[in-house]
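Engineer: Take a look at the following structure, please.
The values are calculated or read from the model by the stated rules, or taken from the named source; none is laboratory data. Predicted, not measured: the structure shown is a model, and the values here were computed from it. Glycine also receives a Cβ, built like all others from the backbone with ideal geometry; neighbour counts cover every protein chain displayed. Accessible surface areas use protein heavy atoms only, side chains included; no ligands, DNA or RNA. Shrake-Rupley method; radii C 1.70, N 1.55, O 1.52, S 1.80 Å.
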Amino acid sequence: MVARPRSGHRSCHEGIAIPARHPRTHIPSTAEAGAWADVLVRHQLLHTAVLAPTGQWLVQHHPYAPVRVLDGATAMVDLAAEIQHRIRTTRNHTR
């Protein structure tokens, strides 16, 4: 039996229903972005993430990688989502 997508879901090539991405319902706070930055650094998915006085985030993927400037909390949370998506996609392809 193949799972059929329900309304609001898209089907994956293997027949598994995956919830469709919904637009953000709120603007992430600096505290939320900071929590995500801490998690990414703690799990070594980023080398460093620093909140600048301007509200921008300075992130570095590896010790000698160029510093990337993210424009605010939303960009930091988006980066966390990107990294999660990449991890999940890679993990599913290796199974």
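Engineer: For the stretch 11-50, enumerate the residues that are out of contact with any strand residue (DSSP E or B) (no Cβ under 6 Å at 6 or more places or on another chain), modelled with pLDDT of 75 or more and hydrophobic (A, V, I, L, M, F, W, C).
Structural biologist: Selection gives Ile27, Ala31, Ala33, Ala35, Trp36, Val39, Leu40, Leu45.
Engineer: Another question, then. For His85, state whether it is open to solvent by 70 Å² or more (accessible area, probe 1.4 Å), at pLDDT below 95 and within 14 Å of the chain's Cα centre (by Cα). Spell out how you get there, then give the answer.
Structural biologist: Numbers: open to solvent by 70 Å² or more (accessible area, probe 1.4 Å): yes; at pLDDT below 95: yes; within 14 Å of the chain's Cα centre (by Cα): yes.
Answer is yes for this residue.
Engineer: Now a separate question. Please specify each residue of the stretch 21-48 satisfying the condition of being in a loop (DSSP other than H, G, I, E, B), open to solvent by less than 90 Å² (accessible area, probe 1.4 Å) and over 16 Å from His62 (Cβ atoms).
Structural biologist: Answer for the stretch 21-48, where residues must be in a loop (DSSP other than H, G, I, E, B), open to solvent by less than 90 Å² (accessible area, probe 1.4 Å) and over 16 Å from His62 (Cβ atoms): Pro28, Ser29.
Engineer: Please work out which residue is most open to solvent (accessible area, probe 1.4 Å), limiting yourself to the stretch 63-74 and to residues that are without any contact (Cβ under 8 Å) to a residue 40 or more places away in the chain and within 17 Å of the chain's Cα centre (by Cα).
Structural biologist: Among them, the one singled out is Asp71.
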